[in-house]
Structure formats: C-alpha cells, structure tokens
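Notes follow once the structure below has been shown.
The values are calculated or read from the model by the stated rules, or taken from the named source; none is laboratory data. All of these numbers come straight from a predicted model, not from anything done at the bench. Glycine gets a Cβ as well: all are built from the backbone with ideal geometry, and neighbour counts include every protein chain shown.
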Ligand code: MN3
C-alpha cells in the first residue's frame, strides 16, 4: 500500500493530562488509520497518483481525476493533517516558541499572545469539524486560517507549519462539548522545536 500510518512519536499516554490516553489511541489507530486505508482504497486503480506524496496530491486538487478528487481531498487531507499533527505535540511541551518562528510571529501579529488569541478564535469558530492553522504563504508571510472537514491549507496555496484538530473525535472523551477547554489545554503540549523546524523548512 503506497500510503502508510506513521507511528506516533511518543506513547499514547505521553500527553496526559491534557490529551487523554484513550483519545490518542482511538484518534491515531482508528481515525488516522481509517483515512490512510480509505485513501489507498480510492487510489488503487491510479498507479500514477500513488507515486505522489499525499502533500503533492493536495497541492493540485484540480488535477486529480474527478472520480477520486473528493476522496483525495477528504481522506488524503485527513492523512496529511494528522501526520503533521502528531509531530506538533510532545510530552512536557508548551511554553512559547523560540528562534525564527518566534521572531516572525512577533513581527506579523505584534506578540505571541496576539497570535494565540486569533488562532484560538479561529479554532472556536469552526462550525462542525475542522482545523485552525498557522501557515506560510508563497511570499513568506505567516497566515492564520481555519479549514472545514479535512481540507488542507496546501490546497489553498499555504504551507501549514502548525495546526489544531478541532474535530470532536480529538477531544470529546475528555472535554465533551467544552471545545474551548481543549484548545486551552492543548497549548501545554505544543512541540515548538518542531514548529521552528517546519518554519525553517519553508523559508530557508
Ligand atoms: Mn482528527
């Protein structure tokens, strides 16, 4: 199978108490695995598409045959988004960013707190399921946005460096209807070294 589920880079319980162990197990082993399986199933008769990375597929959705375009958008988006999401968290994470991404955040939004406030507002405002993102545009600018469902910023010409899953499956077992509490807790597990690496990979 061309697309595979990346292993979680830490134990299922590593993000406790902010993200509970059962949520992590189901989220990774069932939800993310499901996106991978359905993407492989959708592209089984498209060997040329299978040669592309999932990010490459999402960069040019218009060029994907119509018969599988929605599957690539949803299942491929789910695969790409979650593959990044796991790496954006770690045990004993949180705090504030350092390095170039921190400088860019201050230059763009005025302060880390101002960025965080807008990011959180976008996350809370997602109606139904979706994501809040910090991305880099083609001209190197940081951009905050949200996407519905599993849509990737890549399909909008943005390179995501940082994003939060606000689907209910990401938080419902522990936080139920209290999405704002989940959003607030999540900042305690952010892996800022990875965000810095993602930012440098785009701008350098
Ligand atoms: Mn999810």
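I'd like to verify a number: residues in the range 20-49 that are in a helix (DSSP H, G or I), more than 16 Å from the ligand (Cβ to nearest atom) and closer than 13 Å to residue 1 by Cα, how many?
5
Identify the residue in the range 59-96 that is in contact (Cβ under 8 Å) with a residue 24 or more places away in the chain, closer than 22 Å to residue 28 by Cα and more than 16 Å from the ligand (Cβ to nearest atom) and, among all such residues, is surrounded by the most Cβ atoms within 10 Å (Cβ to Cβ). If you could, list the steps in order and put the result at the bottom.
Step one: list which residues in the range 59-96 are in contact (Cβ under 8 Å) with a residue 24 or more places away in the chain, which gives 59, 61, 68, 71-91, 93-96.
Subset that is closer than 22 Å to residue 28 by Cα: 71-91, 93-94.
Now restrict to residues that are more than 16 Å from the ligand (Cβ to nearest atom): 71-72, 90-91, 93-94.
Working: 71: 16, 72: 23, 90: 18, 91: 12, 93: 20, 94: 15.
Of everything passing the filter in the range 59-96, 72 is surrounded by the most Cβ atoms within 10 Å (Cβ to Cβ).
Which members of the range 154-168 meet the condition of being in a strand (DSSP E or B) and within 15 Å of the ligand (Cβ to nearest atom)?
Restricting attention to the range 154-168, the residues satisfying the condition of being in a strand (DSSP E or B) are 159-165.
Of everything in the range 154-168, those that are in a strand (DSSP E or B) and within 15 Å of the ligand (Cβ to nearest atom) turn out to be 160, 163, 164, 165.
Going by what's in this entry, would residue 72 be described as assigned to a strand (DSSP E or B) and more than 13 Å from the chain's Cα centre (by Cα)?
On the way: assigned to a strand (DSSP E or B): no; more than 13 Å from the chain's Cα centre (by Cα): yes.
Against the criterion (assigned to a strand (DSSP E or B) and more than 13 Å from the chain's Cα centre (by Cα)), residue 72 does not qualify.
Taking the conditions exactly as written (in the same structural domain as residue 132 (by TED's automatic domain parsing), out of contact with any helix residue (DSSP H, G or I) (no Cβ under 6 Å at 6 or more places or on another chain) and either closer than 13 Å to residue 131 by Cβ or crowded, with 22+ Cβ neighbours inside 10 Å (or both)), does residue 149 satisfy them or not?
Spelling it out, residue 149 is indeed in the same structural domain as residue 132 (by TED's automatic domain parsing), out of contact with any helix residue (DSSP H, G or I) (no Cβ under 6 Å at 6 or more places or on another chain) and either closer than 13 Å to residue 131 by Cβ or crowded, with 22+ Cβ neighbours inside 10 Å (or both).
Filter the range 97-111 for residues that are surrounded by fewer than 16 Cβ atoms within 10 Å (Cβ to Cβ), under 28 Å from residue 18 (Cβ atoms) and modelled with pLDDT of 95 or more and give the result.
Taking the range 97-111 and keeping what is surrounded by fewer than 16 Cβ atoms within 10 Å (Cβ to Cβ), we get 98-100, 103, 106-108, 110-111.
Those left that are additionally under 28 Å from residue 18 (Cβ atoms): 98-100, 103, 106, 108, 110-111.
Result: 99, 100, 103, 106, 108, 110, 111.
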